[in-house]
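K.L.:
Starting off with a structure, shown below.
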Amino acid sequence: MTALLEVEDLRVAYGKIEAVKGISFSIEQGQIVTLIGTNGAGKSTTLRTISGLLKPAGGTVRFNGERIDGTAANKIVGMGLAHSPEGRRIFARMSIEENLQLGAFLRRDPAGIQADMDRAYTLFPILGERRKQAAGTLSGGEQQMLAMGRALMSQPKLLMLDEPSMGLSPIMMQKIMSTIVELRDQGMTILLVEQNAQAALSLADRGHVMEIGKISLSGTGADLLHDESVRKAYLGED
Ligand code: ATP
């Protein structure tokens with residue numbers, strides 16, 4: 001099986017500060033892969049580089065067999081790689097419907113766009129019920145649903161989610177996590193960045209622990225969940 005995404009020896013720097021120091025990992029079609037690690041480990045920087053928002057200082061990123069490091073971000077979206085950023089970045093004054101339409105900005109198939117909007121409303125009924133309302137009136141968890149729905153509107157082959165559980169109640173977090181599994185079961189491939197290691201590892205096929213710009217440990221979600229060093233450092237056990 002060839003990997004859908006292949007990251008090799010990726011390095012990213014902000015000026016003189018190297019935030020990502022040569023990481024390698026790959027994602028097979030239909031997998032959920034998670035990057036866990038503390039604040040500042042370089043997880044968001046990795047996602048921003050894969051999606052073309054940052055230029056790497058070294059290494060390669062291949063998507064569907066094609067080099068995409070150095071490719072413009074909008075072109076990468078068009079190739080089928082969507083990024084739901086940390087902090088959601090929804091447009092508060094625009095309606096839910098308009099926010100979803102933004103996710104389809106590269107598409108020219110109105111019927112297909114409408115079908116995907118309906119799919120988003122089936123996945124998250126609250127978005128359909130409130131489609132004409134300003135997105136800023138949604139709760140944090142509902143805004144996260146909107147951010148995921150918007151990313152799906154570009155018809156991605158790979159969906160990258162940065163901290164989808166951030167600031168959510170346990171019930172909302174459960175809903176978001178079960179939706180991630182539902183998407184994977186429908187065939188979506190997902191790269192999930194999470195500080196909530198327990199939740200992320202419980203549903204991931206594979207996981208990588210990032211520490212100050214490097215991957216320190218890799219394994220199946222279940223392996224990492226039971227790894228003693230992971231339990232101590234990330235699951236609050238002593
Ligand atoms: P978090 O969950 O807090 O976002 P993270 O693992 O995603 O953590 P990054 O946000 O990728 O980590 O940050 C990695 C390192 O790069 C940190 O030391 C951070 O301070 C630094 N960094 C991030 N963004 C910038 C920036 N725009 N300019 C300079 N340094 C940055």
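The values are calculated or read from the model by the stated rules, or taken from the named source; none is laboratory data. Nothing here was measured: the structure is a model prediction, and the numbers come from that model. Methodologically, a virtual Cβ is constructed for each residue, glycine included, from the backbone with ideal geometry; neighbour enumeration extends over all protein chains shown. Quick note on the areas: whole protein, heavy atoms, side chains included, nothing else; ligands and nucleic acids left out. Shrake-Rupley method; radii C 1.70, N 1.55, O 1.52, S 1.80 Å.
K.L.:
Can you list the strands (runs of 3 or more DSSP E) lying wholly within the range 1-94 that have 1 or more residues being touching a Leu at 6+ places or on another chain (Cβ under 6 Å), surrounded by 21 or more Cβ atoms within 10 Å (Cβ to Cβ) and hydroxyl-bearing (Ser, Thr, Tyr)?
P.N.:
Working: elements: 3-14, 17-28, 32-36, 58-63, 81-84.
Once the strands (runs of 3 or more DSSP E) in the range 1-94 are filtered for at least 1 residues that are touching a Leu at 6+ places or on another chain (Cβ under 6 Å), surrounded by 21 or more Cβ atoms within 10 Å (Cβ to Cβ) and hydroxyl-bearing (Ser, Thr, Tyr), what remains is 32-36, 81-84.
K.L.:
Within the range 129-141, work out how many residues are open to solvent by 10 Å² or more (accessible area, probe 1.4 Å), assigned to a helix (DSSP H, G or I) and not charged (D, E, K, R).
P.N.:
Looking only at that region, the number is 3.
K.L.:
Count, please, the residues in the range 156-166 that happen to be more than 15 Å from the ligand (Cβ to nearest atom) and either open to solvent by less than 10 Å² (accessible area, probe 1.4 Å) or at pLDDT below 95 (or both). Walk me through how you get there before you give the answer.
P.N.:
First, pick out the residues of the range 156-166 that are more than 15 Å from the ligand (Cβ to nearest atom): 156-159.
The next check asks that each one be either open to solvent by less than 10 Å² (accessible area, probe 1.4 Å) or at pLDDT below 95 (or both); those that pass are 158-159.
Number satisfying all stated conditions: 2.
K.L.:
Can you name every one of the strands (runs of 3 or more DSSP E) wholly within the range 171-226 that holds 3 or more residues which are out of contact with any strand residue (DSSP E or B) (no Cβ under 8 Å at 6 or more places or on another chain) and closer than 18 Å to ALA82 by Cβ? Outline the logic, then answer.
P.N.:
Details: elements: 189-194, 206-211, 214-220.
Correct list: empty, since no element meets the threshold.
K.L.:
Still on this structure, please answer the following. If you go through the range 1-55 one residue at a time, how many are in contact with a His (Cβ under 9 Å, 6 or more places away or on another chain) and closer than 19 Å to ILE180 by Cα?
P.N.:
Going through the range 1-55 one residue at a time, the tally reaches 5.
K.L.:
Check off (1) open to solvent by 20 Å² or more (accessible area, probe 1.4 Å); (2) within 16 Å of the ligand (Cβ to nearest atom) for GLN144 and give me the number that stays unchecked.
P.N.:
For GLN144, the exception is condition (1).
K.L.:
Looking only at residues in the range 95-115 that are open to solvent by 60 Å² or more (accessible area, probe 1.4 Å) and of a type in the set (A, V, I, L, M, F, W, C), which one is nearest to LYS75 (Cα to Cα)?
P.N.:
So the residue we want is LEU106.
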